[in-house]
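Read the structure below first, then the notes.
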Amino acid sequence: MLFSTLLSFGCLALFQASSIAAVSPNDLSFDKKSVLEKRLTYTNVDDYATFQYPIALAGLLANIGPNGAKSSGAKSGVVIASPSTSNPDYLYTWTRDTSLVMKYVVDRYTGGRDSTLRTTIDNWVASSARIQQVTNPSGTVSTGGLGEPKFLISEAAFTG
């Protein structure tokens, strides 16, 4: 149980650029100090998990375009690594990281825990299909381009 809880938090936290987010992916207003103080009071992993889970989930969903609170400019279904554009510029979508995040989202949906995620999943599948067709530094879909790890959030090839 502890391992699966930690693994879930690892997947949920993977794309949280600012580690604390509100419960709604579209509303990032919160009192950081009170959230941090609350976190420090937990001595039991299960209690902490109950408290942290909706915050981590909201942070994950906030980075999925186009409607996530931190996904401005991202095409529909694109999972951004971070909204940061300087020090470091990390406003990209990474194939592997996106797959790990969406595995969690799909598992949550298919496990019957959140029926609202179907559109997010469908948007990601469509985005993945478009990205696979993009000619990039690794090639085209028929010459090795499926091995490219990073794309722009507009679904264009990263060439930098």
Seminar exercise, completed: Of (1) closer than 21 Å to Ala157 by Cβ; (2) at pLDDT below 95, Asn67 fails just (1)
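Here is a yes/no grid of residues against (1) in contact with a helix residue (DSSP H, G or I) (Cβ under 6 Å, 6 or more places away or on another chain); (2) without any contact (Cβ under 8 Å) to a residue 12 or more places away in the chain:
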site: Tyr42; (1), (2): yes, yes
site: Tyr48; (1), (2): no, yes
site: Phe51; (1), (2): no, no
site: Pro54; (1), (2): no, no
site: Ala62; (1), (2): no, no
site: Asn67; (1), (2): no, no
site: Lys70; (1), (2): yes, no
site: Ser76; (1), (2): yes, no
site: Ile80; (1), (2): no, no
Problem set entry | Members of region 77-121 that are of a type in the set (S, T, N, Q) and open to solvent by 40 Å² or more (accessible area, probe 1.4 Å) | Thr85, Ser86, Asn87, Thr95, Ser99, Thr110, Ser115, Thr116, Thr119
Problem set entry | Residue check, Val125 within 19 Å of the chain's Cα centre (by Cα), open to solvent by less than 30 Å² (accessible area, probe 1.4 Å), modelled with pLDDT of 95 or more and not hydroxyl-bearing (Ser, Thr, Tyr) | no
Exercise. Going through region 85-96 one residue at a time, which ones are assigned to a loop (DSSP other than H, G, I, E, B) and under 15 Å from Gly65 (Cα atoms)?
Worked result: Leu91
Exercise. Looking at (1) assigned to a loop (DSSP other than H, G, I, E, B); (2) small (Gly, Ala, Ser); (3) modelled with pLDDT of 90 or more, can you tell me which one Ser99 breaks?
Worked result: (1)
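The values are calculated or read from the model by the stated rules, or taken from the named source; none is laboratory data. Here the structure is a predicted model, which means the values were calculated and not measured. With ideal geometry, Cβ positions are generated from the backbone for all residues, glycine too; neighbour counts draw on all protein chains shown. Surface areas here come from the heavy atoms of the whole protein model, side chains and all, with no ligands, DNA or RNA. Shrake-Rupley method; radii C 1.70, N 1.55, O 1.52, S 1.80 Å.
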